[in-house]
Amino acid sequence: MHIKTQQLELEVGKDQFTIWFEETKWCSSFHYFILADETQIHFEEAKQITQTPYQSGVGSGICTRYEEFENADVSFETIIWVEESTQNIYFEWIPLKEETAVSKVYFPAFMEFDERKEDHYSLINYHQGLLIPNTWETPLQKLPFDGMLNSCAAYMPWFAQVKDKIGYIAIHLSPSDGGYMIDHPQNGPYTHLGMYHLARFEHMEYRRVVRFTFIKEADPTKLCKVYRQYAKEIGLLTTLKEKAARNPLVDKLIGAAFVHKGIKTHICEDSEFYDAENPEKNDTLIPFSIREQEIHNYYKKGINKLYLHLDGWAQPGYDNQHPDYLPACIEAGGWEGLKALSDTIKNCHYMLGLHDQYRDYYFSAETFDKNFALTHQDGSIFEMSRWAGGHQSYLCASQASYYVKRNFKEILRHGIHLEASYLDVFTCNEADQCYHPWHKMDRAECLRYRNACFDYLHSINILPSSEEASDFAMRSLVFCHYAPYQFMMSAPDAPRLGIPIPLFNLVYHDCLIIPWYMDEPEGKEDYMLYALLNGGAAYLDKDGAYPNIDGAFFDESYQQALDHKIARYRVVSTLQEKVAKEEMVRHEFIDRCWHKQRSYFANGIVVEVDLKENHYHIIYPK
């Protein structure tokens, strides 16, 4: 069936579609399908397929009903329709009958995007953002967390493609139960992107919607601004100006030097990181008094603003026995030592934040009870022994805020002066489902429970942060540990999966404080240029908790003199003070080699960088 509107033409078949926009043709390139009992069932396998016109007061389209499948007792409808006022196209999948359990629905399908052209490119929100030309040499087929939205695989629930200056952005409107898939082989010549929908407790249960918006003269900035407007419409976009009005400590954090240090490490024998050949390496201890001396030293160096992120501050050691993490590490000085450190930080007008964790649930925790662990449908619980604390499960997010309140009340009772803090992994790991009857939880509820932990910190005048940046937390989150480009999370010489591009910041720059690594590897890109390009904060010093993962690679730059590090930090912080609350209104590549880039901020400041020559230029309005 075929319809025509002001700007679009749409043709819908049994399980494929074609769209014409500005004389550019877009076709789906594979058949829709569902997964039922691990069996792949294509829509066209339905014995009865009925198509009818769809009309409402706001648009028109085509409704297709699929019934009587041989291998699954399911029926459903799709509605593909065009909104008259916006010319947005909506792809809706609507369950009607689900006697057979359905785990995933792949709808809509990949677009044909198969021409070997460099100016045909795809945009995905993998960490900060990735631009993949069709000719890109490095393959990309596997995503972390299987491409689930609200994870580091997708800070925002959309992707986009551009060809011949015509582009589209596909936005998943039910992201808590969604994901995306990508197929880009070595050297292309194609990139295939598609959305999928996940079951809620083994059934789809509710209508799933993906929205396509087509634009002419498309570029990454224009596509990001389409999503920024959508984020405004649904209330996600909450600026730092709004957050500062709620809590003036936001202004204290803007321009601060980020310092990441640890106190105690204890790696258990069943941890993947345990070093049996060198057991002395499994335990480290730095007294609170040493960190206090470092704070005094930073102050003497003339640093006016500083935020200390403190790992391993409690008795069990870093990544051990959560959520029963207290008391403060006795060997390092106990509560008295931590209070002395926090008092010094307060007297220097600096800020302290404590690393804490409310997802990893360790069997060694004093109150561990599998009844409160994330529970699978068969009653089993997740188990692994990767991190320092060894044998663990996951805590059901429905329980997290109770432990946050319990622990922070105890911390504050000991007079620890906290103005910010850190709740690990909530914004980089995928949303969870839990089947335990005491606290059954779907993914959307999981994200609400995580946000509740951030909101509790706000309620006691503590700025909340988490590991990365995620769309769902933008109302509450003030800052994060990082929101890096994907290559920053890999070994320095690993091939890049695409061209780094600040998609997240083009949408949310004025909503979140993002600190950037300041590595200065010899003969390679100076990471400070990325901090400047993004108008972000700067890490002055960073001790990684684990070697060779999460971007914590040994580099001689960390052995440079502190004075040199401070001078570099000042360059970044001076800019950040001026642009932190400003929208990044545009980003562009100046040359075809992608090395020269330029970002524009709403107050007229422009930053140019040359990543090949390691030069930068900041242009201030007259």
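For the stretch 524-564, name all the residues that are at pLDDT below 80 and over 27 Å from residue 299 (Cα atoms).
The answer is 546, 547, 548, 549, 550, 551, 553.
Collect the residues in the stretch 197-249 that are of a type in the set (Val, Ile, Thr), surrounded by fewer than 21 Cβ atoms within 10 Å (Cβ to Cβ) and under 30 Å from residue 38 (Cβ atoms), keeping them in residue-number order.
209
Checking residue 109 against (1) more than 16 Å from residue 17 (Cβ to Cβ); (2) in contact with a strand residue (DSSP E or B) (Cβ under 7 Å, 6 or more places away or on another chain); (3) not in a strand (DSSP E or B), which single condition isn't satisfied?
(1)
Table: residues versus (1) modelled with pLDDT of 95 or more; (2) under 27 Å from the mean Cα position of the chain (by Cα); (3) not hydroxyl-bearing (Ser, Thr, Tyr).
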| residue | (1), (2), (3) |
| --- | --- |
| 572 | yes, yes, yes |
| 583 | yes, yes, yes |
| 594 | no, yes, yes |
| 600 | yes, yes, no |
| 606 | yes, yes, yes |
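Within the stretch 54-75, is even one residue surrounded by fewer than 16 Cβ atoms within 10 Å (Cβ to Cβ), in a strand (DSSP E or B) and assigned by TED's automatic domain parsing to the domain that holds residue 208? Write out each step before concluding.
Initially, the stretch 54-75 is screened for residues surrounded by fewer than 16 Cβ atoms within 10 Å (Cβ to Cβ), giving 55-58, 67-68, 70-71, 73.
Imposing the further condition that a residue be in a strand (DSSP E or B) reduces the set to 55, 67.
Of the ones still in play, those that are also assigned by TED's automatic domain parsing to the domain that holds residue 208 are 55, 67.
Yes, that holds for at least one residue.
Can you pull out the strands (runs of 3 or more DSSP E) entirely within the stretch 243-320 that have at least 1 residues that are of a type in the set (Ser, Thr, Tyr), under 25 Å from residue 385 (Cα atoms) and free of Cβ contacts under 8 Å to residues at least 24 places away in the same chain? Please lay out each step first, then the result.
On the way: elements: 257-262, 264-266, 283-285, 306-311.
The strands (runs of 3 or more DSSP E) meeting that bar are 283-285.
Evaluate the stretch 429-449: report whether one residue or more is small (Gly, Ala, Ser) and under 30 Å from residue 335 (Cβ atoms). Spell out the reasoning first.
Residues of the stretch 429-449 that are small (Gly, Ala, Ser), as a first pass: 431, 444.
Subset that is under 30 Å from residue 335 (Cβ atoms): none.
Among the residues of the stretch 429-449, not one is small (Gly, Ala, Ser) and under 30 Å from residue 335 (Cβ atoms), which makes the answer no.
Any residue in the stretch 469-481 that is within 15 Å of the chain's Cα centre (by Cα) and more than 26 Å from residue 226 (Cα to Cα)? Walk me through how you get there before you give the answer.
To start, the set of residues in the stretch 469-481 that are within 15 Å of the chain's Cα centre (by Cα) comprises 469-481.
So of that shortlist, the ones also more than 26 Å from residue 226 (Cα to Cα) come out as 481.
Yes, the stretch 469-481 contains a residue that is within 15 Å of the chain's Cα centre (by Cα) and more than 26 Å from residue 226 (Cα to Cα).
Do we find a residue being closer than 30 Å to residue 404 by Cα, of a type outside the set (Lys, Arg) and modelled with pLDDT under 95 anywhere in the stretch 459-467?
Of all residues in the stretch 459-467, those closer than 30 Å to residue 404 by Cα come to 459-467.
With the extra rule that they be of a type outside the set (Lys, Arg), the set shrinks to 459-467.
From what is left, the residues that are modelled with pLDDT under 95 are none.
Checked the stretch 459-467: no residue is closer than 30 Å to residue 404 by Cα, of a type outside the set (Lys, Arg) and modelled with pLDDT under 95.
From 206, 180, 196, 230, which residue is in a helix (DSSP H, G or I) and within 28 Å of residue 451 (Cβ to Cβ)?
Working: 206 fails: in a helix (DSSP H, G or I); 180 fails: in a helix (DSSP H, G or I); 196 fails: in a helix (DSSP H, G or I).
Sole residue among the options that is in a helix (DSSP H, G or I) and within 28 Å of residue 451 (Cβ to Cβ): 230.
In the stretch 443-486, how many are among the hydroxyl-bearing types (Ser, Thr, Tyr), within 23 Å of residue 501 (Cα to Cα) and without any contact (Cβ under 8 Å) to a residue 60 or more places away in the chain?
Total meeting the criteria: 1.
Looking at the structure I just gave you, is residue 89 surrounded by 17 or more Cβ atoms within 10 Å (Cβ to Cβ), out of contact with any Pro (no Cβ under 9 Å at 6 or more places or on another chain) and either farther than 21 Å from residue 205 by Cα or without any contact (Cβ under 8 Å) to a residue 12 or more places away in the chain (or both)? Spell out how you get there, then give the answer.
Values: surrounded by 17 or more Cβ atoms within 10 Å (Cβ to Cβ): yes; out of contact with any Pro (no Cβ under 9 Å at 6 or more places or on another chain): yes; either farther than 21 Å from residue 205 by Cα or without any contact (Cβ under 8 Å) to a residue 12 or more places away in the chain (or both): yes.
Answer is yes for this residue.
Just to be sure I understand, how many residues within the stretch 28-53 are assigned to a helix (DSSP H, G or I) and among the charged types (D, E, K, R)?
Looking only at the stretch 28-53, we keep the residues that are assigned to a helix (DSSP H, G or I), and these are 43-45.
After this cut, where a residue has to be among the charged types (D, E, K, R) as well, the list is 44-45.
Matching residues across the stretch 28-53 total 2.
The values are calculated or read from the model by the stated rules, or taken from the named source; none is laboratory data. In this text, all values refer to a predicted model and were calculated from it rather than measured experimentally. A quick note on method: Cβ atoms are made from the backbone with ideal geometry, for glycine too, and the neighbour counts reach across all protein chains shown.
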